[in-house]
Amino acid sequence: MKRLMMATIAELAVCGVAMQANAYGYDNDYGRTSAGTTPLMISICNPVQLPSDDYDVAGLRLSLIYGLCNDFAGIDVGLLNGTDGKFSGIALGGMNLTRGRLYGLQVGLFNGSLSDQTTPGSCSIGVQKGFVNLSGSFRGWQDGLLNASVGSFEGVQTSFFNGADKMYGAQFGIVNHANELHGVQLGIIYGIFCGNIAGSVTGCQIGLINYATRVDKGVQVGIINIIADNGWAPILPVVNGHF
């Protein structure tokens with residue numbers, strides 16, 4: 001399983017770099033004009049960096065405190081790594097933040113991919129691993145203490161708290177929340193059972209306490225199972241559902 005996960009991460013990063021290399025100057029997420037492309041960027045604390053933050057990076061960036069660039073493709077290492085456009089590659093830092101789409105891997109205390117969740121094709125693809133992971137629309141894996149996606153999430157979230165607007169996949173945590181669930185919520189981590197919360201459910205909720213406004217097609221398994229719009233049986237022990 002670990003070998004498969006590492007292979008997937010590597011593939012995402014390599015594919016992301018290739019995609020980004022063909023996109024410079026034509027597809028910046030925020031329409032910022034690039035001053036050029038550099039293979040190396042060195043930053044102490046923006047704006048004290050070479051070259052300036054309106055450059056794209058295709059290669060390596062090293063940031064002592066805070067570095068900022070336009071689009072990025074490659075390996076990013078620093079305390080605070082910032083990207084105004086798209087990010088493709090691997091980011092290792094205390095805080096990794098991209099305003100555009102993410103294609104690859106972010107590892108840090110705080111990871112953010114803030115691409116516009118309402119625009120078609122704006123979905124980030126990759127892996128976020130840290131204490132706090134935030135994203136717009138996202139496809140891949142989030143792993144941390146707190147995961148949150150304000151857009152559509154396709155994949156797996158593993159954390160103490162997981163949240164998504166539209167969830168297509170699986171959430172594993174002490175508390176899981178989704179406005180729309182199409183998949184599985186498992187309210188258990190490290191042997192601790194807790195609960196799941198969803199607006200609408202197509203799939204399965206398993207936990208100590210499960211709540212859904214409605215279940216279109218699915219089942220709840222737990223001590224207390226609540227389906228607010230379930231007519232004569234909104235609250236049932238052990239199992240509740242609608243088919």
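Where a number appears in this text, it was derived from the coordinates with a stated rule and is not lab data. Please read these numbers as outputs of a predicted model, since none were measured by experiment. FYI the Cβ positions are ideal-geometry reconstructions off the backbone, even for glycines, and counts take in every protein chain you see.
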Once fully extended, how much extra length lies between ALA35 and PHE131, figured as 0.36 nm per residue of separation less the alpha-carbon to alpha-carbon distance?
31.1 nm
May I ask for the net charge around ILE42, where only other residues with Cβ less than 13 Å from the Cβ of ILE42 are counted and Lys, Arg are +1 while Asp, Glu are -1?
-1
Once R0 is set to 30 Å, what does the formula 1/(1 + (r/R0)^6) return for the Cβ-Cβ distance between ILE44 and VAL107, expressed as a FRET efficiency to the nearest 0.05?
0.85
Burial ordering of PHE153, PHE87, fewest other beta-carbon atoms within 10 Å first:
PHE153, PHE87
Say R0 is 41 Å: what FRET efficiency, to the nearest 0.05, do VAL77 and THR213 get from their beta-carbon distance?
0.40
So for TYR103, TYR66, fewest C-beta neighbours within 10 Å to most, what's the order?
TYR66, TYR103
Taking every other residue with Cβ under 11 Å from the Cβ of GLY169 and scoring Lys and Arg +1, Asp and Glu -1, one gets +1
